[in-house]
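Okay, so here's the structure we're looking at.
The values are calculated or read from the model by the stated rules, or taken from the named source; none is laboratory data. Being a predicted model, the structure only gives us computed values, none of them experimental. Positions of Cβ are generated from backbone atoms using ideal geometry, with glycine treated the same way; all protein chains shown enter the neighbour counts. Quick note on the areas: whole protein, heavy atoms, side chains included, nothing else; ligands and nucleic acids left out. Shrake-Rupley method; radii C 1.70, N 1.55, O 1.52, S 1.80 Å.
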Amino acid sequence: MPTIKIPTSLRQHTDGKRELELEGKTAGEALSALLALHPELNDHFYNENGELRKFVNIALGKSNIKDLHGLDTPLKDDDILRILASISGG
């Protein structure tokens, strides 16, 4: 099963888990599986129109899935997705 690595800033919503193995043939399916387990994360990932928020970055290897096939990016069982924490300042 693919693995999703959770950044420190979101672990409060995953019972402190750093990573989870989740079912999913695509990045979107794996993310949906994560949100089914931890629905409080939904607002962190999707806007009111159900679209992935612009500041949400998910890496597969060295590539952002936005530069691949987005949520339709295919996954293999040994793939690791990393949710990258966004940092903003002013």
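Distances between placed amide hydrogens fall under 5 Å for Asp79 paired with Thr3, all partners being 5 or more residues away or on another chain. When Rg and the Kirkwood Rh are both derived from Cα coordinates, the Rg/Rh ratio for the range 1-41 amounts to 0.94. Taking amide H as placed 1.01 Å from N in the peptide plane, Thr26 has its amide H under 5 Å from the amide H of Leu75, each at least 5 places away in sequence or on another chain. Counted over the chain with a bin width of 10 Å, the fraction of Cα pairs per bin, in whole percents, is 17, 55, 26, 2.
Over the range 40-90, accessible surface divided per residue gives 72 Å², non-protein components excluded, 1.4 Å probe. Ranking Leu31, Ile83, Asn42 by how far each Cα lies toward the positive end of the dipole of the chain (charges on Cβ) leaves Ile83 at the top. Which of the lysines could a cross-linker span from Lys62 if the Cα-Cα distance has to be under 17 Å and same-chain partners fewer than 8 positions apart are dropped? Cross-link targets: Lys5, Lys76. The value of relative contact order for the chain, using C-alpha pairs under 8 Å at least six residues apart, is 39 percent. For Lys66, neighbours were defined as the other residues whose beta-carbon sits under 14 Å from its Cβ, and their charges (Lys and Arg +1, Asp and Glu -1) total +1. Okay, helix-only estimate at 222 nm for the chain: each DSSP H run of n ≥ 4 adds -39500 (n - 2.57), divide by all residues, round to 500 deg cm²/dmol; what do you get? Mean residue ellipticity at 222 nm (helix-derived): -4500 deg cm²/dmol. Couplings 3J(HN,Hα) of the range 18-29, computed from phi: 7, 8, 9, 8, 9, 5, x, 8, 9, 4, x, 5 Hz, in residue order, whole Hz [Karplus 6.51 cos²θ - 1.76 cosθ + 1.60, θ = phi - 60°; x for Gly and Pro]. Solvent-accessible area of the chain (1.4 angstrom probe, protein heavy atoms only): carbon and sulfur portion equals 48 percent.
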